[in-house]
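The next block holds one structure in the form of structure tokens; read it before the comments.
The values are calculated or read from the model by the stated rules, or taken from the named source; none is laboratory data. Since the model is a prediction, treat every value here as computed from it, not as a measurement. Using ideal geometry, Cβ is built from the backbone for each residue, glycine included, and neighbour counts are taken over all protein chains shown.
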Amino acid sequence: MFPRPIQDSSRSRQLMYKIALPISLVIWLLPMIAIVATAGRSLSDLNYGNYWGIPSEWAFVENFSAVFGSSSIGIYLLNSVIITLPSIAGALFLSTLAGAGLALYKFRGRFLILALFIAGNFVPFQILMIPVRQLTLDLGVYDTYWGVILFQIAFQTGFCTFFMRNFIADLPFELVEAARAEGVSEWNILTHIIVPLVRPALAALAVLQFTFIWNDFFWPLILIQSDELRPITLGLTTLKGQYISSFNLLAAGSLIAALPPVMMFFAMQRHFIAGLTLGASKG
């Protein structure tokens, strides 16, 4: 049922594995290597078509200085933080409540509700572009932080609810029954029993949601018009010149934009792995 460890395979398979693994890693990392190399090239190198060779001169400092000097990238980073953190908090809060309700309480129609949460994840988000934009206009939150935040919470809650419901359903229900027998309120059961037990799952979900929302380009493009409200993904477009594209500056800006999700992952790596493997084994 499970893959056999490579150590138990034949020598020929182990040799093929040792050869294929570094090749696969290099192919997988090739786009990142290209971006890092481009971020250190001068514009003259790119104009001469030197995309993959060794740069004639390294220009890391000049490129990153130009990014901060020619754009409001600091404001764009702050805007991304303002949008991402409340969106994560709102999605986790609502999904924990909904997941606990679907996992702990037996009522008619709960599987239909769960199916609706799951089905929402299969709706192509592009078809929501016009109605969502019109809804934000009707609510008066178009071209504001709240317009993007509210949509991100609404859009991400479906996946988060499905995620949290499965984790909470795997918890020993005897703990909840014992707490109810002692007269503990349902809210205290949630906050003092359920939430501490699913903390690794919340951490794993926070990392995933941070990556999804931070890297989102489509919805800020639809719901934000003012330059001073743009997140980093949308702000990178300002690095494109009017008559020439400075791909070295775009690459440097992309590396800056990619740093927070990478730092978030490494900071939460232990909790992320624990959350993904929670409930994977019994006993």
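Picking from residues in the stretch 49-80 that are among the aliphatic types (A, V, I, L, M), under 18 Å from Thr38 (Cβ atoms) and surrounded by 16 or more Cβ atoms within 10 Å (Cβ to Cβ), the one that is nearest to the chain's Cα centre (by Cα) is Ile73.
When Leu46 is tested against (1) modelled with pLDDT of 85 or more; (2) under 32 Å from the mean Cα position of the chain (by Cα), exactly one condition is not met: (1). Here Leu150, Leu171, Leu205 are screened, and the one residue that is touching a Cys at 6+ places or on another chain (Cβ under 9 Å), hydrophobic (A, V, I, L, M, F, W, C) and under 26 Å from Ala119 (Cα atoms) is Leu205. Within the set Leu137, Leu114, the sole residue that is assigned by TED's automatic domain parsing to the domain that holds Trp214 and either under 30 Å from Leu259 (Cα atoms) or in contact (Cβ under 8 Å) with a residue 12 or more places away in the chain (or both) turns out to be Leu114.
For the criterion of being under 19 Å from Thr96 (Cα atoms), in contact (Cβ under 8 Å) with a residue 60 or more places away in the chain and of a type in the set (A, V, I, L, M), Val207 passes.
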